[in-house]
Each structure stands twice: as structure tokens, then as C-alpha cells.
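The values are calculated or read from the model by the stated rules, or taken from the named source; none is laboratory data. Fair warning: this is a prediction, and the values are worked out from it, not measured in the lab. In this analysis, Cβ positions are derived from the backbone assuming ideal geometry, glycine residues included, and neighbour counts consider all displayed protein chains.
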């Protein structure tokens, strides 16, 4: 009988006092050298068979992290670039430790553009771009401009399509607007069309909704 069971079995107080509940086993009164010894044998093979691998799956949508982390378009690009740098260093022995290179930043922007398009478009069949001769170039949806044959940069002749009502694109438009000295919407879009074809929807509201522009319009 387990001595710890005595109080729960309704024993009388006199029986409990006289029981080993207060004393414990007799070998506790002996020296440690005289305590009973038991040899335990361990079957390593059997233990190995009982081993179970338990894994915890944590889902993290990287696109949400990138697209919502910063309000600045350029900061988003650098965030993507550092994530790509981290992935590269995890896979290769020759770690990259210097500052981000121009090539890394350009690749990060291309990846960011692909993320934006995946989140906001339905492929090249999207009704907003069907009339723009869309095609896919290295995962990026591009359009052929009306002056496709012009001797200019490939980005100008085949700009990447971006919807103006998407948060990242709004950041891009606003940053270009401020960088160019708060110029008008058409000047901003013409400047951005050196590289992007932005679907005009809310750009006018975005630009003239800034505080500085509001003050200038009311002077």
C-alpha cells in the first residue's frame, strides 16, 4: 500500500500515528551505502524505435510583411534586398557582408513588382491591361507602349504595369511627387512612365491630397 493513500482511506488518527506514513521505509534510516540498489538496463535500439519527430509549422506570409512593413517604397525595396541577402547567406558558405549592391537592389525591386502584381492583378488576362499588349518578362507583367519601336531603354519601351490604387504604388507615386518638387499628376506619371505604366485611377487624388499641395492650391 502506498503510505500516501492512508489519509484518503478514512483511517483513524491513532492508526495514522502508528503507521509508516510518518516514518517512511526502513532503509531511509540506513547509510546511503546500504540503500537498495537496482540495475536498469536500457535498450538503445528500442528507444530509437520509439523516437518521434515532432515539428511545428509556422506560416508566415512574406508578402504581407514586405508590403505592409514600411510606407516608403524605397524602404520596401531595401527590406526585400536584405531578405534576399539573408536567404543567400543561409545557402552559401561565402557570406555577403558588405553593403547592398546595385544589382541586389534592382533584383529586389523586380521581386517587389512581382509581389505587387500577384496581389493586385489576375495575370495578363486582367481587363485593365488587355488592350496594352501585355506579356510576361522574367515573371513581370509588362506592356508594349505606343512607341515600342523607339530607340530607348527596354524599360521605357516595355514598362511594368502597376495599379495606382495599390498601397505600394501609392507610396511610389507620392515619393516621386515629392522628389520632383510637388509637380502635377501628369508630370509625375510621365516621369514614372520611364519605367512603369501606372493605371490612372486615384493618382490625382493621392498627389493633390498631400498637405503641401493643398496649401499651394489655396494660396
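Among the residues of the range 148-192, the ones that are in a loop (DSSP other than H, G, I, E, B) and more than 29 Å from the chain's Cα centre (by Cα) come to 12 in all.
Scanning the range 93-105 for any residue that is touching a helix residue (DSSP H, G or I) at 6+ places or on another chain (Cβ under 7 Å), assigned by the TED database to the domain that holds residue 170, under 20 Å from residue 140 (Cα atoms) and at pLDDT 90 or above turns up at least one such residue.
When the range 135-147 is limited to residues that are surrounded by 11 or more Cβ atoms within 10 Å (Cβ to Cβ), on the phi < 0 side of the Ramachandran plot and in a loop (DSSP other than H, G, I, E, B), the one that is modelled with the highest pLDDT turns out to be 143.
Just one of 83, 77, 53 is at pLDDT 65 or above and not assigned by the TED database to the domain that holds residue 116; which is it? So that I can check it myself, show each step before the final result.
Values: 83 fails: not assigned by the TED database to the domain that holds residue 116; 77 fails: not assigned by the TED database to the domain that holds residue 116.
Result: 53 is the single residue among 83, 77, 53 that is at pLDDT 65 or above and not assigned by the TED database to the domain that holds residue 116.
In the range 105-127 there is at least one residue that is assigned to a strand (DSSP E or B) and farther than 16 Å from residue 198 by Cβ.
Does residue 60 satisfy the criteria of being assigned to a helix (DSSP H, G or I) and either modelled with pLDDT under 65 or farther than 30 Å from residue 76 by Cβ (or both)? Spelling it out, it is not the case that residue 60 is assigned to a helix (DSSP H, G or I) and either modelled with pLDDT under 65 or farther than 30 Å from residue 76 by Cβ (or both).
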